Amino acid sequence: MTFALNDPDLSSAHSYQDERQRILEAYRKRQEVRPLEFSDQGYENLSHRLRVEERYHETYKIIKDQFNPSIADLKILDFGCGDGNFLKKTLDWGAQAENLTGIELRENVLREARKKLPHSHWIQACGSELPLSDQGIDIVVANTVFSSILLTDLQKAISVELERVLKPEGLIIIYDFHRKNPHNIDVQAMPLEKFKPLFGGFDLVYSKSITFRPDWARKFPSIFLKAIFPLLSAFPSFKTHHLSVFKKKSPNSD
């Protein structure tokens, strides 16, 4: 198997390892402070659940629009898959478990993903080199991944690998912060303009602001939040993330 990044020099490899350890340590510290976020019970938090449902709904619309009418034969890669909840959701949309692949840095959450979808493919990796064949994936999804990577060289290495494994005219669906999270020093803002240089071999085919400010949403009583969430989400200035879609250019395109 060939990779886009062959034999990286020692300084790059060392930098990638340092960044990998920094990310793992950031997750460890966050889990100590907010443990429910990293358990199944965390998904019972109403404001979190509403945000996730909104993202899933918008992502499903994108996939249906681009690959109408069926996604049964699509090969989907969730880069930064966590405990596998997104890939599990795609089964409701018609995806087949054997066509799903998850890449995740943290072994503990990857174990949970394997339990949920034992017939899917799970890989522990940071992403600078992926044990996947060239042009075998139809859709890559990356949810709040690049904002967690502060090393620009690693971001670029990952983008090169994602481009390599994606089929011509395949999609990369990005969900990430377009503004800095003031409550988390371990992430950075990743607005759309920062993604364009990473995916120069792609066309931007879709982008919209999404997700009402999570810190504000948590302040609303649950009894009111579900009713007013659609209204709150209608104000662009209150949205903290963007959902953007890049389409890989075909070899014959200009």
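The values are calculated or read from the model by the stated rules, or taken from the named source; none is laboratory data. Keep in mind that this is a model prediction, so the values were computed, not measured. All Cβ positions, even for glycine, are placed from backbone atoms using ideal geometry, and neighbour counts span all protein chains on display.
Have a look at ILE123, ILE103, ILE76, ILE137 and point out the one that is in contact with a Lys or Arg (Cβ under 6 Å, 6 or more places away or on another chain), modelled with pLDDT of 95 or more and not charged (D, E, K, R). Within the list ILE123, ILE103, ILE76, ILE137, the selection yields ILE137.
Checked against (1) surrounded by 14 or more Cβ atoms within 10 Å (Cβ to Cβ); (2) over 19 Å from VAL165 (Cβ atoms), HIS119 meets all criteria but (1).
Among the strands (runs of 3 or more DSSP E) confined wholly to segment 112-227, which include 3 or more residues that are under 23 Å from ARG51 (Cα atoms)? Let's see the steps before the verdict.
On the way: elements: 121-124, 137-143, 166-177, 202-212.
By residue number, 137-143, 166-177, 202-212.
Annotation: SER70 fulfils all but one of (1) of a type in the set (S, T, N, Q); (2) crowded, with 22+ Cβ neighbours inside 10 Å; (3) not in a helix (DSSP H, G or I); the unmet one is (2).
Of all residues in segment 222-238, those satisfying the criterion of being surrounded by 13 or more Cβ atoms within 10 Å (Cβ to Cβ) and either without any contact (Cβ under 8 Å) to a residue 60 or more places away in the chain or within 17 Å of the chain's Cα centre (by Cα) (or both) are LEU232, PHE238. Considering segment 31-54, the residues that are modelled with pLDDT of 80 or more and closer than 19 Å to GLY84 by Cβ include one that is surrounded by the most Cβ atoms within 10 Å (Cβ to Cβ), namely ARG51.
Filter segment 192-221 down to the residues that are loosely packed, with under 11 Cβ neighbours inside 10 Å and more than 30 Å from LEU166 (Cα to Cα), then identify the one that is nearest to the chain's Cα centre (by Cα).
First, pick out the residues of segment 192-221 that are loosely packed, with under 11 Cβ neighbours inside 10 Å: 193, 200, 219, 221.
Pick out the ones that are also more than 30 Å from LEU166 (Cα to Cα) and you get 219, 221.
Values: LYS219: 26, PRO221: 29 Å.
Among residues in segment 192-221 that are loosely packed, with under 11 Cβ neighbours inside 10 Å and more than 30 Å from LEU166 (Cα to Cα), the one nearest to the chain's Cα centre (by Cα) is LYS219.
Considering only segment 147-183, state which residues are free of Cβ contacts under 8 Å to residues at least 60 places away in the same chain and over 20 Å from ASP203 (Cα atoms).
Residues of segment 147-183 free of Cβ contacts under 8 Å to residues at least 60 places away in the same chain: 147, 152, 155-156, 159, 180-183.
Correct list: SER147, THR152, LYS180, ASN181, PRO182, HIS183.
Kindly indicate whether any position in segment 125-140 is small (Gly, Ala, Ser), touching a residue at least 60 places away in the same chain (Cβ under 8 Å) and either buried (at least 23 other Cβ atoms within 10 Å of the Cβ) or within 27 Å of ASN184 (Cα to Cα) (or both).
Restricting attention to segment 125-140, the residues satisfying the condition of being small (Gly, Ala, Ser) are 125, 127-128, 133, 136.
In the following step, the residues that additionally are touching a residue at least 60 places away in the same chain (Cβ under 8 Å) were identified as 128, 133, 136.
If we keep only those that are either buried (at least 23 other Cβ atoms within 10 Å of the Cβ) or within 27 Å of ASN184 (Cα to Cα) (or both) as well, we get 128.
Yes.
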